[in-house]
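What follows is a set of notes on a single structure, which appears directly below.
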Amino acid sequence: MGEKDREGNAPGSGTEGMGVASALRESAERSAKELATALACAINVVALFAAPRVLALACSGAGRLPARDEIAKAIEDCAKALGAGAGEVPAVEPLHTLQALLTSWEPGKPAPQAMVEAARAWLRSVGLPEPDEGWDQWEGPRGEPEPAWAPPTSRALRAEPMTIDEWAKLDGPGELVDGLLVEEEATTPLHDAVVDWFLGVLRGWASPRGAVVFGPGHKLVVSKLGGRKPDICVYMAGELPEADANLSSRPPALVVEVVSPRSVDEWTDFDIKNREYARHGVRRYWLVEPTQQRFMVCLELDPEGRYTMFVSGRDQVKIQVTGLDGLALDLGDLWAKVDPSRPGAQGESS
């Protein structure tokens, strides 16, 4: 009989094999626990972006809104844990999308629709079903306090319902939402300067191509009971609205909205109009925020009829627009011309 080890077991015996198996089992259990922890943390923060009312609750102080670094770490840890897994694992791509969008999201503000859709896509991939009342109406697990504030809504300008035809003939302010005339966004000189810059760039690009660019005041039908006045609408050659119409029911190739600082206008542009334009079939939707974060997000309609971000930029970034041949945007030129007094306007880095 050969020499025995200190425990009295012969080398190469079954007990040594059991030790290896035990170590492997412990490693597997540790990995499983790490993955479960990462998933649980990620689900908690991602659900904030999937459900606008839950995010509103957290922002109001009635719940807890994690710091941006906490959110980013939870998403990063989960993406790493899933990436290290074997076999079928939940999708990681929506987490990467959320990571990218976090840089332009301002804590305390509603989440852009692109973040909402990425969050919901990932939660579906981990098998978390949509609440019975839908993500838009869900207010968190039962027993949680009610949100201290609801998403802001535009003020109604008249109590009586209005039809699309009546709105088309209306010579005055107001957009049509669910058959009611509501106030338009409140603009500022900076807002108007940004709109003028985009009008100049887009009209210079559109004219030789037979496309047409409309500025503020153009009426766009987005549903049977809804009409908007986008800051800018671009129609391609062959898809132009009727020359004598007071409004257009054809989806533009591009809508541009410059976000105003009022919370109701931010919510309307990032959330409500996002869904309205997508349902109406507007192929491209650009949002420009010129006041605080000073950024631009370009969204494109995917085959499922939802907007996905194809590019975003800020400061001195130059954007080559896909799908609109020859169109380039120099954001450095934009900010230098519309806000030259702002520190670093001529020399910020991207």
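The values are calculated or read from the model by the stated rules, or taken from the named source; none is laboratory data. Given the structure is predicted, the values throughout are model-derived calculations rather than measurements. For neighbour counting, all protein chains shown are included, and Cβ atoms are generated from backbone atoms with ideal geometry for every residue, glycine included. Heads up: the accessible areas ignore ligands, DNA and RNA and are worked out on the full protein's heavy atoms, side chains in. Shrake-Rupley method; radii C 1.70, N 1.55, O 1.52, S 1.80 Å.
A compact table of results
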| read-out | value |
| --- | --- |
| Contour excess over end-to-end distance, with Cα ends at Asp192 and Leu170 and 0.36 nm allotted per residue | 5.6 nm |
| Other-chain or far-sequence residues with amide H under 5 Å of Glu184's (modelled H) | Gly174, Glu175 |
| Residue-wise HN-Hα coupling along the range 102-113, computed from phi with Karplus coefficients 6.51, -1.76, 1.60 (Hz; x: Gly, Pro) | 4, 5, 9, 7, 9, x, x, 9, x, 7, x, 4 |
| Dipole of the range 173-257, positive direction: furthest Cα of Met236, Leu199, Ala186, with charges on the beta-carbon | Met236 |
| Heavy-atom accessible area per residue - the range 165-215, 1.4 Å, Å² | 48 |
| Heavy-atom accessible surface of the range 233-341: percent carbon and sulfur, 1.4 Å | 48 |
| Ala253 long-range amide H proximity, modeled H, under 5 Å | Val234, Tyr235, Met236 |
| Vicinal HN-Hα couplings computed from phi for the range 282-288 (Karplus, 6.51 cos²θ - 1.76 cosθ + 1.60; Hz; Gly/Pro x) | 5, 5, 10, 10, 10, 10, 10 |
| Cα-only Debye scattering, the range 183-247: base-10 log of I(q)/I(0) at q = 0.18, 0.28, 0.29 Å⁻¹ | -0.75, -1.25, -1.28 |
| Residues whose placed amide H lies under 5 Å from that of Ser248, excluding near-sequence neighbours | Lys219, Leu220, Val221 |
| Neighbour net charge for Glu130 - beta-carbon separation under 13 angstrom, K R +1, D E -1 | -2 |
| Packing-based ranking, highest mean first, of 98-105, 170-177, 294-301 given that Cβ atoms within 10 Å are counted | 294-301, 98-105, 170-177 |
